[in-house]
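The structure under discussion appears below in the form of structure tokens.
The values are calculated or read from the model by the stated rules, or taken from the named source; none is laboratory data. Predicted model, so just to flag it, every value in this text is computed and none were measured. Because the Cβ atoms are built from the backbone with ideal geometry, glycine has one as well, and the counts that use them run over all protein chains shown. We work out accessible area using only protein heavy atoms, side chains counted, and drop any ligands, DNA or RNA first. Shrake-Rupley method; radii C 1.70, N 1.55, O 1.52, S 1.80 Å.
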Amino acid sequence: MSRLDNRATDRDSTIADVAAGALSERKPQGRILVAFDSDGGIAQALTEGGAQVVPWLRLAQDGKTATAWPPDGAFDGAVLRLPRGWASFEMALHALAARLPVGAPLWIVGSNDEGVTSAVKHFDGLVEGAETLIIKRRARVLETRRTAEPAHGALEDWRQTVSLPVPEPAEPLALTSYPGLFAHGRLDAGTECLLRVLPEIAAGVRVLDFGCGAGVIARAVRERQPEALLTLLDIDAVALHAARQNVPDAEMVLSDGLAGLGTRERFGLILSNPPLHRGKDEDFSMLEALVAGTKQYLKLRGTLIAVTQRTAGVGKLFKTAFGHAEMLLETPQFQVWAGTPK
């Protein structure tokens, strides 16, 4: 069912290789902060050149340690792998710039189809120069220098409170969010579909919000059933930071899949608006892993409810995996499916 065909993985590897080669020639020294280098190729090249590398990852891919914000301290340079979305880029750029002295190098790494050539439009005066070190295999490395422009260097500088209307009769939810998070500042249409068919939840039921983002679904559950036992799971440390503020009494799990839950009491209900893209590419692997893994984490007669785009065609997947599968809602754009294991 997966449609990724390794394009996103290949792109990441190519960009890391090109950047590693260009930075190896520069041989930066001192403490270098490297952001979003998912496969570690850039960090390895810098380390081999004599630099002391401090990595920062927001996404807990493949069990890697991830944090919402980079460590404090002074650095002699930084590398920023272009994240998805300019809001995330600007927030990360401020985070790195706040840790650099005036004149320090900051390298920006990305591919042409990710929009790296447009990065200069989002510098906010924090860096200047933008010299292209290399263009190879559609990847590009820009070298910039830190200016004296003040940066918003703390995560809470970016905190926003948003009001989201949810299906009646519930009142709008006041939630914390951060730029670049999924559906920031609005109620995603798929999430709204799932909330429209949310079942009654008894007190004490253990509920997992898988791919929770800022915790919209879990917060809606909490409003309806204050005594539900909530667990929220997401790969993004910033998303989980927001979710912790929106559902403070819930358990938080930073992980790229169900395996991060470990061994625990099973859930009576799993809810999800799962990510179906990796970068620009369609990728159903997370949904497939969720469906395949629910037997291990659902109680007897427990249910998985997930919303997906109609084009995903998940009906066959649910009917094959579950003893009972039912489409709860269909719109021109979305379907909501429920499955109970055999």
For the chain the mean separation of alpha carbon contacts under 8 Å (6+ apart) over residue count, i.e. relative contact order in percent, is 13
Treating only Lys and Arg (+1) and Asp and Glu (-1) as charged, each at its beta carbon, one finds that region 215-293 has a dipole about its Cα centre, in Debye to the nearest 20, of 180
Regression test value, accessible area per residue of region 109-201, probe 1.4 Å, units Å², expected 53
The size of the Cβ-based charge dipole (Lys, Arg +1; Asp, Glu -1) of the chain about the Cα centre, to the nearest 20 debye, is 620
Checking region 60-131 for trypsin sites (Lys or Arg not before Pro) in a loop per DSSP with at most 15 other beta-carbon atoms within 10 Å yields Lys64, Arg84
Straight-line reach check, Lys27, cutoff 28 Å on alpha carbons, 8 or more apart in-chain or any other chain, hits among lysines -> Lys64, Lys121, Lys136
Dividing the helical contributions, -39500 (n - 2.57) per DSSP H run of n ≥ 4, by the residues of the chain yields a 222 nm value, nearest 500 deg cm²/dmol, of -7500 deg cm²/dmol
Hydrophobic long helices for the chain, i.e. whole DSSP H runs reaching 20 angstrom or more by Cα along the axis with Kyte-Doolittle mean at least -0.5, come out as 7-26
The set of residues whose placed amide H lies less than 5 Å from the amide H of Phe284, leaving out same-chain residues fewer than 5 positions away, is Arg3, Leu4
In debye to the nearest 20, the charge dipole size for region 99-228, taken about the Cα centre with +1 at each Lys and Arg Cβ and -1 at each Asp and Glu Cβ, equals 480
The farthest towards the positive end of the charge dipole of the chain, of the residues Leu33, Pro341, Val253, given +1 on Cβ of Lys and Arg and -1 on Cβ of Asp and Glu, is Pro341
Check: C-alpha center region 30-50 vs C-alpha center region 189-229, spacing in Å is 40
